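The values are calculated or read from the model by the stated rules, or taken from the named source; none is laboratory data. It should be emphasised that the depicted structure is a prediction, and the values quoted were computed from it without experimental measurement. A quick note on method: Cβ atoms are made from the backbone with ideal geometry, for glycine too, and the neighbour counts reach across all protein chains shown. Each accessible area value is taken on the protein alone, full model and side chains, heavy atoms only, with ligands, DNA and RNA left out. Shrake-Rupley method; radii C 1.70, N 1.55, O 1.52, S 1.80 Å.
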Amino acid sequence: MNKLSRVFFGLLLLGTLAVVAKGFLKPPQPPLRVAFQVCNSLEENRQRFEPLRAYLERKLGRKIVVSHVNTFDFVEMARRGEFDVLQANGYIYINVREKIGATLLAREVKSDTGKDTGGLVVVRADSPVRSLADLKGKRMVFGPVFSPGGYLAQYYTMLRAGVDPEKTLGKYSFLPGAWQHEKVVYSILYGAVDAGAVKVGDIERMEAEGKVRKSDFRVIASSEPVPNCTFFALPHVDPTTAGKVREALLRLSPQDFVEVEGERVNVLRRDGVSGYAPASEAEFDVLRRMAKESNLPPYEKY
């Protein structure tokens, strides 16, 4: 090997070593912190979303650290930067976006109700209450405070019908603890209240699970459709990362399985959705209008 060849070979070797060293010395990406809304209970959340966590971790090639957050804690925790990507209902989304900023990623398409949900005002089938006007002086219970289908939609619908919950109802309340949506249904069924705010699809799901009979209830008012849950990223998340999460969600199909605790699990089936769809800001304007006209967060004026 002549001198020129040795020099060329040496430079090539140094370049190769530099590339290898750069790969070894490059700091690993920090975990992506994903927060999931607790809809019914912490245990149900963990069962539902662990396969999705594993799927995202595989697709992104990056560790995913999960937290499960109550609806009323999202805004303050997001303000403190405790997570990067959120899965939550549309009402939480507009609150976080208004106060902190956020970027939409993808909307859930539920297996039963599709991209949208809605709010119902429900009474027992044998109740003398036939309309919203009949609720004067009656007892009513709402779902979670930050639920679009369990509180905001019904509150707005009542106001639009000239029935101000603050002035018309004898009393209204919110139920504490887990499984609040189901507790509303049981409160109506067992006569603890005269009416309740029920999310579209909940009674049908409970009937399918053998918990109640749909024939025991009557709907006296329905809201217009509102968006189901959505994924969104906080402002500090770079566009590349946000785009990768969006793409992974939109590409999720019924053929995607992961292994969880030694079991092969279908990601979508466990998640209770048929897939994810693109999301646009205009789709959430209905919630903004409802909150503004109801004087509710994030647009409340005292």
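Could you check how many percent of all C-alpha pairs in the stretch 137-200 are farther apart than 14 Å? Intermediate values should be presented prior to the final figure.
Working: 1059 of 2016 pairs.
The calculated P(r) of the stretch 137-200 puts 53 percent of pairs beyond 14 Å.
Using DSSP, restrict attention to beta bridges with both residues in the chain and report what percent are antiparallel, rounded to the nearest 5.
Here the antiparallel bridges make up roughly 65 percent for the chain.
Provide Glu44, Glu98 ordered by accessible surface of protein heavy atoms (probe 1.4 Å), highest first. Mind showing how you got there, number by number?
Working: Glu44 65, Glu98 105 Å².
These residues rank, largest area first, as Glu98, Glu44.
Can you give me the P(r) profile for the stretch 190-281? Cα pairs, bins 10 angstrom wide beginning at 0, each as a whole percent.
Answer for the stretch 190-281: a P(r) of 11, 29, 29, 21, 10, 0 percent.
Each residue of the stretch 89-99 in turn: what ³J(HN,Hα) in whole Hz from Karplus with 6.51, -1.76, 1.60 and θ = phi - 60°, glycine and Pro shown as x?
Ordered by residue, 3J(HN,Hα) equals 6, x, 5, 5, 4, 5, 5, 5, 5, 5, 9 Hz.
Take the cross-link list Lys63/Lys115; Lys99/Lys292; Lys99/Lys301; Lys183/Lys214 and give me the ones stretching past 21 Å between alpha-carbons. Display every interim value, and only then the final one.
Details: Lys63/Lys115 29 Å; Lys99/Lys292 15 Å; Lys99/Lys301 15 Å; Lys183/Lys214 15 Å.
Going by Cα-Cα distance, Lys63/Lys115 fall outside the 21 Å limit.
Using a/c under 1.5 as the rounded threshold, could you call the stretch 147-302 rounded, prolate or oblate? The axes a ≥ b ≥ c are square roots of the C-alpha gyration tensor eigenvalues, and prolate needs a/b larger than b/c, oblate otherwise. Numbers along the way, then the final one.
Values: a/c = 2.54, a/b = 1.35, b/c = 1.88.
Oblate.
How long are the semi-axes of the equivalent ellipsoid of the stretch 176-237, defined as square roots of 5 times the Cα gyration tensor eigenvalues? Whole Å, largest first. Display every interim value, and only then the final one.
Values: eigenvalues 154, 39, 32 Å².
With the √(5λ) rule applied to the stretch 176-237, the semi-axes are 28, 14, 13 Å.
List the trypsin sites (Lys or Arg not before Pro) within the stretch 210-256 that DSSP assigns to loop and that have no more than 16 neighbouring Cβ atoms inside 10 Å.
On the way: sites: Lys211, Arg213, Lys214, Arg218, Lys244, Arg246, Arg251; in loops: Lys211, Arg213.
Sites meeting the loop and neighbour criteria: Lys211, Arg213.
Calculate what fraction, in whole %, of the accessible area of the chain sits on carbon and sulfur atoms when a 1.4 Å probe is rolled over the protein chains.
Its accessible area is 55 percent carbon and sulfur atoms.
With runs of 4+ DSSP H residues as the only contributors, calculate the mean residue ellipticity of the chain at 222 nm using -39,500 (n - 2.57) per run, divided by the residue total and rounded to the nearest 500. If you can, show how the numbers build up before the last one.
Values: 11 runs with 114 residues, N = 302.
Counting only the DSSP helices, I get -11000 deg cm²/dmol.
Whole number please: convex hull volume per residue, Cα atoms of the stretch 68-158, in Å³.
Numbers: hull volume 12.2 nm³, N = 91.
Convex hull volume per residue, Cα atoms: 135 Å³.
I'd like to check one number: the per residue accessible area of the chain, probe 1.4 Å, reported in Å² as a whole number.
In whole numbers, the chain has 51 Å² accessible per residue.
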